[in-house]
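The values are calculated or read from the model by the stated rules, or taken from the named source; none is laboratory data. Here the structure is a predicted model, which means the values were calculated and not measured. Virtual Cβ from ideal backbone geometry, glycine too; neighbours counted across all protein chains shown. Just so you know, the surface numbers come from the protein's heavy atoms only, side chains and all, with ligands and any DNA or RNA stripped out. Shrake-Rupley method; radii C 1.70, N 1.55, O 1.52, S 1.80 Å.
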Amino acid sequence: SFSVSNNNDSPGNHRLYVGLVADGVTWFSSNTHAYWDVYVNAPYQASYVTQSAYPTVANGETETMTISYRNTGSQTWTQGVVNLALVDQNFVPISSFDMASGWASANRLAKLNEATVAPGAVGSYSFSVSNNNDSPGNHRLYVGLVADGITWFSSYTHAYWDVYAQ
């Protein structure tokens, strides 16, 4: 029996080869050798779980929206580090959204609702949009996860809402 550990190894597959040896004498035949494929999970990964419905926002009204993700990485998410961020349709960070209301900052919609989210657990984000004489029609809102100061999550985790202003 033996153990392996992740010492900040790069994500992906690492093949571990082993063989029998009589120390100081000889190696056993290669047909006694074996290997394991040891997969190292990326620290910051997620899978989309659910999101609230597309809202219709009347002039002067505010709507609250929520989105949830499962932590599929190896790092525990911490409130204020893993945030819901504003992106464009090409998943490029952008600086503002015309219907933002009470966001953590101009381009960070929300911090985690939970203090921490362990690998395998689900975390959620809640935020609001307001219609303050915005032009009537659809305002598409794209979002993505970011571990601020560390890395952006895969664009496969990005989502959007069609926010309809009346």
Problem - Residues in region 28-63 reached by a label modelled at H14 [backbone nitrogen below 17 Å; 7 Å Cα→Cβ] - result: 35-44
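How large is the convex hull of the C-alpha atoms of region 114-166 per residue, in Å³?
Working: hull volume 6.7 nm³, N = 53.
In region 114-166, the Cα convex hull volume per residue is 127 Å³.
Quick one: Kirkwood hydrodynamic radius for the chain, alpha-carbon pairs, angstrom, one decimal?
Hydrodynamic radius (Kirkwood, Cα pairs) of the chain is 18.5 Å.
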Handout entry: Highest average packing first - 98-107, 125-134, 25-34, Cβ atoms within 10 Å
Key = 125-134, 98-107, 25-34
Completion exercise
Of every hundred units of 1.4 Å-probe accessible area on region 72-166, the number belonging to carbon and sulfur atoms, as a percent, is 47 percent
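Per the 1.4 Å probe, what fraction of the accessible area of region 8-54, in percent, lies on carbon and sulfur atoms? Walk me through the numbers on the way to the answer.
Details: 1970 of 3590 Å².
That fraction is 55 percent.
Can you pull a Stokes-Einstein diffusion coefficient for region 1-61 at 25 °C (0.890 mPa s), Rh from Kirkwood over Cα pairs, as a whole number of µm²/s?
My calculation gives 145 µm²/s for D.
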Completion exercise
Probe 1.4 Å, heavy atoms of protein chains only: per residue, the accessible area of the chain in Å² is 57 Å²
Completion exercise
Residue by residue through region 14-29, the couplings from Karplus 6.51 cos²θ - 1.76 cosθ + 1.60 with θ = phi - 60°, in Hz, x for Gly and Pro, are 10, 8, 10, 9, 9, x, 7, 9, 9, 3, x, 10, 6, 7, 6, 4
